[in-house]
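The values are calculated or read from the model by the stated rules, or taken from the named source; none is laboratory data. If you're wondering where the values come from, they're calculated on a predicted model, not measured in any experiment. Neighbour counts are summed over all protein chains in view; Cβ atoms, including those assigned to glycine, are modelled from backbone coordinates with ideal geometry.
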Amino acid sequence: MTNLLEMVIEPLEQVFLKFQVFLPNFVAMLIILLTGIFFAWLVKLILQKFLKAVKFDSWSDRMGFTSVMRKGEIWAKPSVALGRAVFWLLVIVTVMISLSSLDYETLNKLIVSFFEYLPRVFTAVLILFTGYVLSGFISRAMLIAMANAGYHYAKLISKAARVLLMLMILAMSMEQLQIAPGIVLAAFSILFGGIVAALSIAFGVGGIDAARRVIEKESTENPKKSNKDNIEHI
Amino acid sequence: MNTVTLRSETRAQIEKINQTDIVVGIPSFNNAKTIAHVVRAVQAGLGKYFPSLRAVIINSDGGSKDGTKEIVESSTGPDFNSILLNHRVEPVSRIAFSYTGIPGKGSAFRSIFEIASSLTARACVVVDADLRSITPEWMEMLIKPVLENGFDFVAPLYSRHKFDGTITNSIVYPLTRTLYGKRIRQPIGGDFGFSGKLAGFFLSKDVWDTEVARFGIDIWMTTTAIANSFKVAQSFLGAKIHDAKDPGLDLSDMLYQVVSALFNLMENYSDTWLPLEGSQAVPTFGFEYAVGLEHIPVTTSRMLENFRDGLFNLGDIWQTILGPGDFGEIQRLGALKNEDFVFGVNLWTRVIFDFAIAFHRRKLPAQQLIKSLTPLYLGKTASFINRARDMTAIEAEAEIEKLCMEFEQNKKYLVMHWENK
């Protein structure tokens, strides 16, 4: 009878001991989680107020980020959306940190890999953001310079340049995230090379007459259309 | 105030001269073909009109490779017996040196201001080195109002072909007059007279590491003089004929240089121009006469083609700057035939004001914003040329006056949108 009782109590004691070890870790996790969420909320609040003060929404409108957001069905103001994104990023980081307090080996490994991967995500986002701004700036500068030089197809060429630049930037950020880097590199090379080859074929073979007309139009009309004339502008 | 670094021999020359009454500055860069004529005209003018005053001619050179500086140093003076009534009592000193700092006309002027201040000059003149039409009378017209009438700044007034100076006529003159309330007809003329006091004031401004040092010095000088309540006047100098400008500089570059300087000054002097209303004529010296100017053949069809291509390519940018209402008007213009094309003064006024507001609100990078104005400016120029083709010079001037009045009457629009940043 005593043996039977011991057989029942012993596992219960072990469970209780494990629970004794787990409970403080669990409480610590809850504290970290709640504090982290509060901290994330506070950061979101301050960030949104700061972005409002520096007129981030107007800047975002000018840079074309707002229209990109609208295309992606995000209807919040850019400052609000950025605040929310930062909030959820901090919540995810908090969850990961809080889970590590449970001290489980599998979880710990997962968390370590998460934090190792995080810088890559940041770098990829940074590449995308900088690339988007830079490609917009370059294509607009191209557009204005070509339009002033009298190129009728300035808009088309500048848009094509922006698409190519964005493709390159996308490939760079995908490579940074290590998402099938071999496939991304191959896809980019095929796509980029394909576009160039397609243009060459279209101009050189398929649209030889059209190509001749375009080249003739640009080469003969541009001196005529250039801004140099007989009047003194200043 | 940082001083200009001058070579020791230049410093020694200045110390030797010690004091002067008049300083004539000639900024130059590869002007070997014309500078000897300019120096001779200046010397003759000083001898004829100011024989008893001490004078110094300063050539502030930007590192010419064609011997410009050497020509200034070695050029002989005019034959006083053949052109003058009397000989100079005081000799004219000459200093030629290469300026330091950012390459540009502004840096060249800074050195001239510095030397004028060191020599405690009472009056200063700056004239371009590429002038072919300068006469000795220019010295009288630019210096006398300063020495004898107490003016601090004398702007030039030229006889120009009705189709010349279109950036001045359609943007710089109307806008400067509307903003600062003074009717200075050639704010970016380039040949100015000013007092020693104003030279010192120019020098005290901390702008010599900005774009002013490179370009935009002309409008900066004019605006600084008006906005700081110096006594301003203008003098009639006759025709202005000079060597062709740098052929590498295209229209959109020119437009950017001038308009960016104008818009930057609007930022700096907003407290001055925002409350001002209307404009006043400034005292004008000299006897105005008509000058026989060569006929200029101009084809407006290619300007209008540029305008329409601009509308097709830059339409999205223009809509952001002008708003849907005025952009709709521009679209309507784009659909008109060449012979029916009229860019109204009212619309043009709002276009310039909207670009100024967009610059103030940093809607686009400055260079892109202003360069995108080029096709609109060509449309306006073509419209003016078509309208003024059969007009006399006086009638064409009346058209410019109408535009100026439109600018003045619509200033409230600019002020309202400027303040609601």
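Descriptive notes on the structure:
- Residue check, B:ARG160 surrounded by fewer than 24 Cβ atoms within 10 Å (Cβ to Cβ), at pLDDT below 95 and closer than 23 Å to B:LYS33 by Cβ: yes
- Across segment B:49-67, the number of residues qualifying as outside any loop (DSSP other than H, G, I, E, B) and not β-branched (Val, Ile, Thr) comes to 5.
- Cβ-Cβ under 9 Å pairs, at least 6 apart or on other chains, segment A:145-174 side free of Cβ contacts under 8 Å to residues at least 60 places away in the same chain and at the interface with another protein chain (Cβ under 10 Å from one of its Cβ atoms), far side assigned to a helix (DSSP H, G or I) and among the β-branched types (Val, Ile, Thr): A:MET146/A:ILE157; A:ALA147/B:THR374; A:ALA154/A:ILE144; A:SER158/A:ILE138; A:SER158/A:ILE144
- Pairs are defined by a Cβ separation below 7 Å, a sequence spacing of at least 6 or placement on different chains, a first member in segment A:109-135 that is touching a residue at least 24 places away in the same chain (Cβ under 8 Å), and a second member that is of a type in the set (Ser, Thr, Tyr) and in a helix (DSSP H, G or I); the pairs so defined are A:ALA124/A:SER173; A:ILE127/A:SER173; A:LEU128/A:SER173.
- Of the residues screened, B:THR300 is one that is within 14 Å of chain A (Cβ to nearest Cβ), closer than 25 Å to B:SER159 by Cβ and of a type in the set (Val, Ile, Thr).
- Among the residues listed as B:ILE26, B:ILE17, the single one being within 20 Å of B:LYS105 (Cβ to Cβ) and in contact (Cβ under 8 Å) with a residue 24 or more places away in the chain: B:ILE26
- Any chance B:GLU277 is closer than 29 Å to B:TYR99 by Cβ and of a type in the set (D, E, K, R): no
- Screening segment A:80-93 for residues that are within 16 Å of A:PHE56 (Cβ to Cβ) and under 16 Å from the mean Cα position of the chain (by Cα) and picking the one that is surrounded by the most Cβ atoms within 10 Å (Cβ to Cβ) gives A:GLY83.
- Among residues of segment B:146-176, those that are part of a helix (DSSP H, G or I) and either without any contact (Cβ under 8 Å) to a residue 40 or more places away in the chain or more than 27 Å from B:ALA393 (Cα to Cα) (or both), counted: 3
- Note on segment A:51-63: residues that are out of contact with any Ser or Thr (no Cβ under 7 Å at 6 or more places or on another chain) and more than 24 Å from A:LEU134 (Cβ to Cβ) amount to 1.
- Selection count where residues are hydroxyl-bearing (Ser, Thr, Tyr), surrounded by 15 or more Cβ atoms within 10 Å (Cβ to Cβ) and within 30 Å of A:GLY150 (Cα to Cα), scope segment B:248-299: 3
- Of all the numbered requirements in (1) surrounded by 14 or more Cβ atoms within 10 Å (Cβ to Cβ); (2) not assigned by TED's automatic domain parsing to the domain that holds A:PHE38, A:THR130 misses one, and that requirement is (1).
- Selection status of A:PHE115, surrounded by fewer than 17 Cβ atoms within 10 Å (Cβ to Cβ), in the same structural domain as A:ILE138 (by TED's automatic domain parsing) and assigned to a helix (DSSP H, G or I): yes
- Filter result for B:PHE230 (within 14 Å of another protein chain (Cβ to nearest Cβ), of a type outside the set (Gly, Ala, Ser) and assigned to a loop (DSSP other than H, G, I, E, B)): no
Results for (1) in contact with a helix residue (DSSP H, G or I) (Cβ under 7 Å, 6 or more places away or on another chain); (2) charged (D, E, K, R); (3) surrounded by 20 or more Cβ atoms within 10 Å (Cβ to Cβ), shown as yes or no for each residue.
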position	(1), (2), (3)
B:PRO27	yes, no, yes
B:ALA32	yes, no, no
B:ALA36	yes, no, no
B:ALA44	yes, no, yes
B:GLY47	yes, no, yes
B:LEU53	no, no, no
B:VAL56	yes, no, yes
B:ASN59	yes, no, yes
B:LYS65	no, yes, no
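- Screening segment B:320-414 for helices (runs of 4 or more DSSP H) wholly inside it with 2 or more residues that are more than 14 Å from chain A (Cβ to nearest Cβ) and either in contact with a helix residue (DSSP H, G or I) (Cβ under 7 Å, 6 or more places away or on another chain) or surrounded by fewer than 19 Cβ atoms within 10 Å (Cβ to Cβ) (or both) returns the ranges B:345-360, B:393-409.
- Number of residues in segment B:121-132 that are away from chain A (no Cβ under 13 Å) and either at pLDDT below 95 or outside any loop (DSSP other than H, G, I, E, B) (or both) equals 7.
- Contacts under 7 angstrom Cβ, first residue in segment B:113-129 being touching a residue at least 60 places away in the same chain (Cβ under 8 Å), partner among the β-branched types (Val, Ile, Thr) and in a loop (DSSP other than H, G, I, E, B), 6 or more apart: B:GLU114/B:THR3; B:GLU114/B:VAL4; B:LEU119/B:THR20; B:ALA121/B:THR20; B:VAL127/B:ILE134; B:ALA129/B:THR34
- Test: residue in segment A:75-91 that is over 30 Å from A:VAL27 (Cα atoms), in the same structural domain as A:ILE169 (by TED's automatic domain parsing), out of contact with any Ser or Thr (no Cβ under 7 Å at 6 or more places or on another chain) and of a type outside the set (Gly, Ala, Ser): no
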